[in-house]
1. Count, please, the residues in region 55-79 that happen to be within 14 Å of Met19 (Cβ to Cβ) and either open to solvent by 50 Å² or more (accessible area, probe 1.4 Å) or modelled with pLDDT of 95 or more (or both).
2. Please count how many residues of region 29-54 are small (Gly, Ala, Ser) and open to solvent by less than 40 Å² (accessible area, probe 1.4 Å).
3. Being in contact with a Phe, Trp or Tyr (Cβ under 7 Å, 6 or more places away or on another chain) and over 16 Å from Ala18 (Cα atoms) is the filter here, so list the residues in region 28-54 that pass it.
4. Scan region 36-67 for residues that are more than 14 Å from the chain's Cα centre (by Cα) and either at positive phi or outside any loop (DSSP other than H, G, I, E, B) (or both) and jot them down.
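The values are calculated or read from the model by the stated rules, or taken from the named source; none is laboratory data. Just so you know, these numbers come straight off a predicted model, no measurement behind them. Using ideal geometry, Cβ is built from the backbone for each residue, glycine included, and neighbour counts are taken over all protein chains shown. These area figures cover heavy atoms from the full protein model, side chains too; ligands, DNA and RNA do not enter into them. Shrake-Rupley method; radii C 1.70, N 1.55, O 1.52, S 1.80 Å.
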Amino acid sequence: MIEAAQAGCSPEALDEDAMCPICYEVMLEPVVTQCGHAFDKRCLHTVLKIRPSCPVCRTELQTNVRFSTCVALCNLIQRT
């Protein structure tokens, strides 16, 4: 994961939604879980190896499915 400064913006300029709730860094590849929460793809895959549940709401997640890229968050991060 990269820090906000490395992404070319200040942490204050980024909306909370652009930050991964696992590592608290700017999401490089935001993906959405079945329960609707967004995480950086690498962080989510790392966490799911340990426990197959959402780090935010603890909903059990299917780990054999491909998580969808969150295009809206990708666009937000690219604009900041």
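1. Selection size over region 55-79: 2.
2. So the answer is 2.
3. Answer for region 28-54, where residues must be in contact with a Phe, Trp or Tyr (Cβ under 7 Å, 6 or more places away or on another chain) and over 16 Å from Ala18 (Cα atoms): there is none.
4. Lys49, Ile50, Ser53, Arg58, Glu60
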